[in-house]
Structures are given as C-alpha cells and as structure tokens.
Amino acid sequence: MKYVVTAGLSHPAARLTRAVSDYVMQVYGVFCAELQKVRHDPVELFTRAVQPLLWLLLFGMVMLRVSGLAPAGMSYLDYLSAGILAQSVLFVAIFFGISAIWDRDLGILHRMLVSPAPRTAIVIGKALAASVRGMLQGGVVYVVAGLMGANLNLSPLNILGVMVLIGLGCGLFATLSLSIACIVKSRERFMGIGQLITMPVFFASNAIYPIALMPDWLKTVSTLNPLTYQVDALRALMINGAHSQFGIVYDFAILTVIAAALVLLSSRLYSRMVA
Amino acid sequence: MGKNGKEPALDVEELEKIFGTFTAVDKVSFTVDKGEVFALIGPNGAGKSTIIKMLTTLVPPTSGTAKVAGYDVVKQSTEVRKNIGYIPQLVSSDGALTARENLLLSARLYGVPRLEQEERIREALDFMGLGQFSDRLVSSYSGGMIRRLEIAQSMLHRPSVIFMDEPTVGLDPVARKAVWDHVRELRGKYRMTIILTTHYMDEVEELCDRMALIHYGQIVAVDTPAKLKEGIGKGATLDDVFSKYMSNFEENSEGGNYSEVRRNRRSIASRS
Ligand SMILES: Nc1ncnc2c1ncn2[C@@H]1O[C@H](COP(=O)(O)OP(=O)(O)OP(=O)(O)O)[C@@H](O)[C@H]1O
Ligand SMILES: [Mg+2]
C-alpha cells in the first residue's frame, strides 16, 4: 500500500521546505484555475468594464461643469478617475463570492475541501486571481481616463504602485465577498446583500467627492471604509499634483491589515460552508 | 498508519451526527479491511452521505471516532485528506475548465511533485479513457465522462481509500458498467479500498464484498451480500434483503424532500 506521506523527510528543515513549496503550489494551482476560467470566457471581463466607463464618460463630463468639487489644482476629471478606478474594482470584487456558492451547490467545493490544501491557500489563490482580474479591468479605466485628458502620473514606479493598490483592494473586497457568501450560502440572498453594500461603500468614501464636503456622521463612516484608503493612495500615486490625505504608507498598512484579517476570516468560514 | 498491514482501512466507532435536534447518523460502528469494496445502502435520507462526509473530514462528528487509513478524522484530518479520494454525490469537476486543467488543479492541491504531474495526469486520463477529450471544457461532457473524470481526479495522488457517493446515479447502462470496471481496476491495479453508496442492488451484487444497511442513521445489518441473502431464505434476492430491513419504515422512503431531489438531479449543464 502506497501512502502519500512525507515519511522520508524527517529532518525539520527539509520538512519545512517541503511544506512551503507545497503551499506555494497549492496557492498557484487555485490561482491558475481561476484565471483559466477567465480565459475560457473572457466576455464577462469586458461587460464588467462598461459600467465604470459610463461613470467616467457621462457622470464625469457633467460634473466637470460644477466647480469647487475637486481640491485646488486638480480638474474634477483628475479627481474622479482614481475614484472610478477603485469603483470598477470594487464592483467586480464584491460579487466574487458567488462562484463559491456555485461551487457549493455542486460538489466542486467539496472536492477542494477534502484536499490537504490549507484553507488559507485556497482563499489566497482565489483572491490573487481576483486581483489580476481587477488589474485588467482597472487598466481599461486607466487608459480611458488618460485618453479623456486626466493628468496621469506615468512614472513606472507610480504605475506599479497603482497596480499593487488595485490588487490589494480587489483582494480585500473579494475576500469580504467570499466571507459573505460563506455565511448566506444562497445565491439570491448573496446578490441582494452584494447590491445592498456596494452603493454605501462607494458613496461613503472619497471616490467621487472629498470627505470634507460630507456631513459629520458620514465623515466618520468614511474613515472606517477601506475604499477611502484605497482611493486616497490611488489618487496620490496616479494623478500629478494630487496629495494623500492620510499618507500613502498608512493607506497601504490599513489595507494590508484588513485584507489579511479577511483572508483568515474567510478561510475559517470556507470550510464550514459544506457542513 | 497500518505498519503491520493488519490495521483496517476504516475503523468507525460510535460515530454520531446531530443537526440541531435531528440525529442524522446514530452511533454507527463498523470496520472495512484494506482492499475491500464496501457499500452503504439505505433509503433517501438514511444518513449515507453524512457518514461519508464525516469520514472525508468535511463534516465534524458530534461524537464518536473514526480512523481512515490509520488516521483520526478529527485529530489528524490533514493526514486523512492526503490518503483519501472522494467523489461527492453532486458533480465535482469544474465545468468551466477542461479535464486537463481540472486534473492539474487536483495534482497541485495534493502536492504531487511538479516533475511527476504531467505523467500522472496522462496516466489518469488514459486509465479513464479520456485522453482524446482532455482539452475540451467539462461543461460539454456527458454524465459518464464527468464521472470518469472525477474518478481520475480522485486517484491522481494514489489514495489508499476512495469514497464514492452514488457513483453511477443518472448514468446509462454502458456508462455504469464502465464505472464498475474502473472500480474493480482501482482495487486490482492500485490496491485501493473503496467505500461507495448506491441505490442499485445489482451494483452491490456486482461489485461489493460487504454491505452495511443504514436506516434512520443506524446500521441495521452488515455482512456479505451472500450471507444477508441466506439470512432471508433460499432464493432470496438483495431486493428482498432491502425490503425486509426497511419494511418497518416504509413512510420514510418517498425519495427525499424537494431540495434534495433538486440537488441530486442538477447536472453540470445547468452551470453554464
Ligand atoms: N447540513 C444539514 N443540516 C440539517 N440536516 C441535514 C444536513 N445534511 C443532511 N441533513 C439531513 O440528514 C439526513 C441524512 O442525509 P444524507 O444526505 O446523509 O442522506 P443519504 O442517505 O445520503 O440520502 P440520499 O440517498 O438521498 O443521498 C437527511 O434527513 C437530511 O435532510
Ligand atoms: Mg446521499
């Protein structure tokens, strides 16, 4: 009888190396499978990019005529494009969890969960794939904003920072979505909740207007909103002449901590989904 | 793990599962030897899938213990997972991926060494007769092909025990026979122990060394099909055995509730 057991690897260092390489391979496996699905059916990727473009083109054009919305030295288009970039990522990521419900209604989730892969590896693999999708879609918004005349900062380091931020934000909201999916377990309820929370998250942030314009209670809410920190850093990195309100390092730190917490939370909830 | 070769593949003691106030599995005990094909039989809702979910570490037992391949399902769940394969009652291959991609995902999740992955995948595809379809999306597969792919995915890491929950439900006679052949080969060629559930008595007759009759979460009989038939009388069939042990409880056997029926009948095609 042949057991797949690492019995020969009794040396602790060898065992650790094996455990790490297994973990990386498990994350990578889930990541690749998710991206292969996108490759087989890329239409969704494009249809999802339409909504943010409409915001930029219609809403942005009209609001350009309203003065005083954006801080001094910026056009409203400059201001808005970072917010819409974050929004496009949010709207994709927040419905990410539905795939877990699909998988659960069949036996696909069961197959994942009987494998020895740690649940965090599965969740991180899925979140990373969501991040890549977010980057692709964010790229479209980025290009269109540039074509419309937004004053983009095109230094490679800034573009890299923007990509990382999109990935981070997308991973954050994707794992939030996954956690919700694990709790509600039904497609109908999930869609309802997804729709219920996207608008408040979007409007209670600095995505389309400065926090300074908000009533006090909304100011408080917006400082608890991860999207605010994502937009804050995005805007500073992406637009010439824009400044971060909270500090870019602080923004990154907050987003990283929340994303890590959500990975742990959704990993725990994930295995209970079949029980 | 079974160093002396005598330790059973499965050792279940007083295993119990209570959902809220409902006892789905009521303190069952049984053992399965290495290399056996063992069937769990019982009407809809008897608790077969719940037993399998506990043995595959998906659902934590309320009480009792179970050892699979020598490992405790609660305390050593990772070791158990490394040593088992599982084919759930519902479709478990991803319809949005090709067969090869499904297999690659399984290989990576199970930590099959990178250099061996391709070889193992090819072997599994050939073994299951899927080689020529390996780059087609699984959503275009027939029910029989999907089952074969699921078996391929479950054997990649060379488990010592495979659990199959209703492996032939919804298949045409040819596809069913093909699955039976594969089960025999898994046992013969790879020396695996196989635990399956089924509602088909001919399947039990064809494949299984021993069977457990489950009713209302309890095991009401465990033995070889031959012995159980003998116990009923001369010329008895397995249907007679089933009827005798279940007869007191006819009202339960109405094919499950609506949501169970819906879930059991859903095919992968509905995903697209
Ligand atoms: N998560 C759950 N919560 C509550 N009840 C459950 C849960 N899972 C199963 N049950 C109940 O436990 C009982 C046993 O279910 P199980 O799926 O194990 O039956 P089964 O023998 O596999 O039936 P079938 O032949 O229809 O597949 C059923 O009455 C079912 O409704
Ligand atoms: Mg069942």
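The values are calculated or read from the model by the stated rules, or taken from the named source; none is laboratory data. Nothing here was measured: the structure is a model prediction, and the numbers come from that model. Using ideal geometry, Cβ is built from the backbone for each residue, glycine included, and neighbour counts are taken over all protein chains shown. All accessible areas refer to the heavy atoms of the entire protein, side chains included, with ligands and DNA or RNA removed. Shrake-Rupley method; radii C 1.70, N 1.55, O 1.52, S 1.80 Å.
The test for being outside any helix (DSSP H, G or I), at pLDDT below 85 and among the aliphatic types (A, V, I, L, M) holds for residue B:236. Summed over region B:80-105, residues that are of a type outside the set (A, V, I, L, M, F, W, C), more than 7 Å from chain A (Cβ to nearest Cβ) and under 16 Å from residue A:117 (Cβ atoms) total 2.
With respect to being surrounded by fewer than 21 Cβ atoms within 10 Å (Cβ to Cβ), part of a helix (DSSP H, G or I) and more than 14 Å from chain B (Cβ to nearest Cβ), residue A:140 fits the description. Of the candidates B:6, B:48, the single residue that is out of contact with any Phe, Trp or Tyr (no Cβ under 9 Å at 6 or more places or on another chain) and either aliphatic (A, V, I, L, M) or more than 16 Å from ligand 2 (Cβ to nearest atom) (or both) is B:6.
The residues of region B:168-206 that are within 14 Å of chain A (Cβ to nearest Cβ), open to solvent by less than 10 Å² (accessible area, probe 1.4 Å) and away from ligand 2 (no atom under 16 Å from the Cβ), listed by number, are B:186, B:192, B:193, B:194. Taking region A:192-275 and the helices (runs of 4 or more DSSP H) fully enclosed by it, the elements with 2 or more residues that are touching a residue at least 24 places away in the same chain (Cβ under 8 Å) and closer than 30 Å to residue A:27 by Cα are at A:226-238, A:248-272. Taken over region B:2-24, residues that are assigned to a loop (DSSP other than H, G, I, E, B) and either open to solvent by 20 Å² or more (accessible area, probe 1.4 Å) or near ligand 1 (Cβ under 8 Å from one of its atoms) (or both) amount to 8.
Selection within region A:102-119: residues that are under 24 Å from residue B:68 (Cα atoms) and in a helix (DSSP H, G or I). The member of this set that is farthest from the other protein chains (Cβ to nearest Cβ) is A:119.
Applying the set (1) in contact with a helix residue (DSSP H, G or I) (Cβ under 6 Å, 6 or more places away or on another chain); (2) touching a residue at least 40 places away in the same chain (Cβ under 8 Å) to residue A:167 leaves exactly one unmet item: (2). Tallying residues that are more than 16 Å from ligand 1 (Cβ to nearest atom), open to solvent by less than 10 Å² (accessible area, probe 1.4 Å) and outside any helix (DSSP H, G or I) within region B:149-167 yields 6. Inside region B:155-167, residues that are touching a helix residue (DSSP H, G or I) at 6+ places or on another chain (Cβ under 6 Å) and within 16 Å of ligand 2 (Cβ to nearest atom) make up a count of 3. Restricting attention to region B:31-49, the residues that are under 17 Å from residue B:161 (Cα atoms) and more than 11 Å from the chain's Cα centre (by Cα) total 6.
Tally up the residues in region B:135-148 that are in contact (Cβ under 8 Å) with a residue 12 or more places away in the chain, open to solvent by 20 Å² or more (accessible area, probe 1.4 Å), out of contact with any strand residue (DSSP E or B) (no Cβ under 8 Å at 6 or more places or on another chain) and within 12 Å of chain A (Cβ to nearest Cβ), please.
1
Checked against the criteria, residue B:27 counts as in contact with a Gly (Cβ under 8 Å, 6 or more places away or on another chain), at positive phi, within 16 Å of ligand 1 (Cβ to nearest atom) and open to solvent by 10 Å² or more (accessible area, probe 1.4 Å).
Looking at region B:166-184, is at least one residue more than 15 Å from the chain's Cα centre (by Cα), of a type outside the set (S, T, N, Q) and under 21 Å from residue B:82 (Cα atoms)? No, region B:166-184 contains no residue that is more than 15 Å from the chain's Cα centre (by Cα), of a type outside the set (S, T, N, Q) and under 21 Å from residue B:82 (Cα atoms).
The sole residue among B:121, B:52 that is hydrophobic (A, V, I, L, M, F, W, C), assigned to a helix (DSSP H, G or I), more than 9 Å from every other protein chain (Cβ to nearest Cβ) and in contact (Cβ under 8 Å) with a residue 60 or more places away in the chain is B:52.
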